[in-house]
Amino acid sequence: MTKWLEENTPKLVLAPSFIIVLIFVYGFIAWTAWVSLTRSRLLPKYEIEGFIQYDRLFDSPRWDTAFGNLFVFGFLFIVISMILGLILAILLDQNIRTEGAIRTIYLYPMALSMIVTGTAWKWILNPGLGLEATVRGWGFETFSFDWLVNPDMAIYTIVIAAIWQSSGFVMALFLAGLRSVDQEIIKAAQIDGIPTWRVYTAIILPSMTPIFLSAFIVLSHLAIKSFDLVIALTGGGPGYATDLPATYMYAMAFSRGDIGQAASSAMVMMMVVFAIVVPYLYSELRSKND
């Protein structure tokens with residue numbers, strides 16, 4: 001009995017967690033997939049009717065707006081966060097005297113919740129209270145910055161807030177990557193008279209490819225599941241101009257009483273995540289096997 005316990009204790013310890021994850025994660029994913037194939041409305045139905053919910057979803061103008069916003073928001077958020085994070089990391093890698101204080105300042109936004117970030121930026125961008133009112137108070141009466149209430153520009157306020165929160169995290173990733181590069185190779189390149197910009201583009205940045213991929217995966221995940229930032233900053237408005245798939249799913253499930261639409265939108269979101277994560281995992285596993 002003692003020998004059996006020694007051999008199976010790890011399995012017994014992990015079993016409850018495994019069962020909970022199996023039921024409450026993968027079980028509910030399967031349930032959501034099933035419901036997305038039914039005519040469920042306020043209450044779930046379990047008779048499969050095919051892809052009728054997906055037909056309704058892709059015919060919905062609100063979903064078209066939400067899905068389009070995801071690409072606009074995701075592209076700008078990921079690209080600008082990575083560029084800004086890389087620039088900040090390179091600057092901090094120059095062994096400046098106040099590196100610790102500056103690094104803390106850049107990382108501080110990441111310690112805040114998205115709700116706090118959204119609320120703060122809602123005050124800053126509010127035309128009657130924030131930036132516009134302040135600048136006009138300085139005497140610039142014609143100054144206007146009404147992106148928060150402009151349906152064509154409101155999505156970019158979410159981009160600004162998200163970049164402010166996440167660029168410090170990306171900076172930390174890239175800074176760790178820069179510090180992990182073999183300094184002997186860099187010194188040899190400098191002795192050979194290679195310009196600094198060439199050292200970065202030909203030696204340092206290519207060696208940081210795994211860091212770039214990791215940052216891309218993390219930021220993509222944040223972009224796809226963005227919900228609380230949108231709710232706190234714009235509430236999905238004006239109208240539904242800043243809806244994202246996550247806010248659309250929430251509105252269908254809890255405001256409109258349309259579980260079938262919520263389930264189908266959730267499955268589309270999951271497919272987008274899979275389309276990004278699965279190739280990355282495949283390449284990682286393949287490189288390890290090679």
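Accessible surface ranking for Glu6, Glu99, Glu49, 1.4 angstrom probe, highest first: Glu6, Glu49, Glu99.
Our coupling estimate for the range 18-25, obtained by passing each phi through the Karplus curve with A = 6.51, B = -1.76, C = 1.60 and θ = phi - 60°, is 4, 5, 4, 5, 4, 7, 8, 10 Hz, Gly and Pro reported as x. Using all pairs of distinct alpha-carbon atoms, the Kirkwood hydrodynamic radius of the range 6-52 works out to 12.7 angstrom.
Helical content alone sets the calculated 222 nm signal of the chain at -21500 deg cm²/dmol, taking -39,500 (n - 2.57) per DSSP H segment of four or more residues and averaging over every residue. In the frame of its principal axes, the chain has Cα extents of 78, 72, 35 Å, reported largest first. Rounded to the nearest angstrom and listed largest first, the equivalent-ellipsoid semi-axes of the range 36-120 from its Cα gyration tensor are 45, 16, 11.
Cα extents for the range 165-211 along the principal axes, largest to smallest and rounded to whole angstrom: 40, 17, 14. Computed from the C-beta positions of Trp34 and Ile115, the FRET efficiency with R₀ = 25 Å rounds to 0.20. If each Cα of the range 42-89 is one equal point scatterer, what is log10 of I(q)/I(0) from the Debye formula at q = 0.13, 0.17, 0.24, 0.29 Å⁻¹? Cα-only, vacuum Debye calculation for the range 42-89: -0.54, -0.68, -0.89, -0.99. Scalar couplings 3J(HN,Hα) for the range 190-195, obtained by applying the Karplus form with A = 6.51, B = -1.76, C = 1.60 to θ = phi - 60°, are 5, 5, 6, x, 6, x Hz; x denotes Gly and Pro.
When ligands, DNA and RNA are left out and all protein chains stay put, how many square angstrom of accessible area per residue does the chain have with a 1.4 Å probe?
Normalised by residue count, the accessible surface of the chain is 59 Å².
With r defined as the distance between the Cβ atoms of Asn126 and Glu184 and R0 fixed at 41 Å, what FRET efficiency is calculated, to the nearest 0.05?
E(calc), rounded to 0.05, equals 0.15.
The 3J(HN,Hα) values that the Karplus relation (6.51, -1.76, 1.60; θ = phi - 60°) gives for the range 272-284 are, in residue order, 5, 4, 4, 4, 8, 7, 4, x, 5, 5, 4, 5, 5 Hz. Gly and Pro appear as x.
When each of the peptides 56-62, 232-238 is scored by the mean number of other C-beta atoms lying within 10 Å of its residues, the order from highest to lowest reads 232-238, 56-62.
Of the solvent-accessible surface of the range 54-288, computed with a 1.4 Å probe over protein heavy atoms with every protein chain present, carbon and sulfur atoms account for 67 percent.
The values are calculated or read from the model by the stated rules, or taken from the named source; none is laboratory data. As the structure is a computational prediction, the values presented were derived from the model and not from experiment. Here the Cβ is made from the backbone with ideal geometry for all residues, glycine too, and neighbour counts use every protein chain on show. We work out accessible area using only protein heavy atoms, side chains counted, and drop any ligands, DNA or RNA first. Shrake-Rupley method; radii C 1.70, N 1.55, O 1.52, S 1.80 Å.
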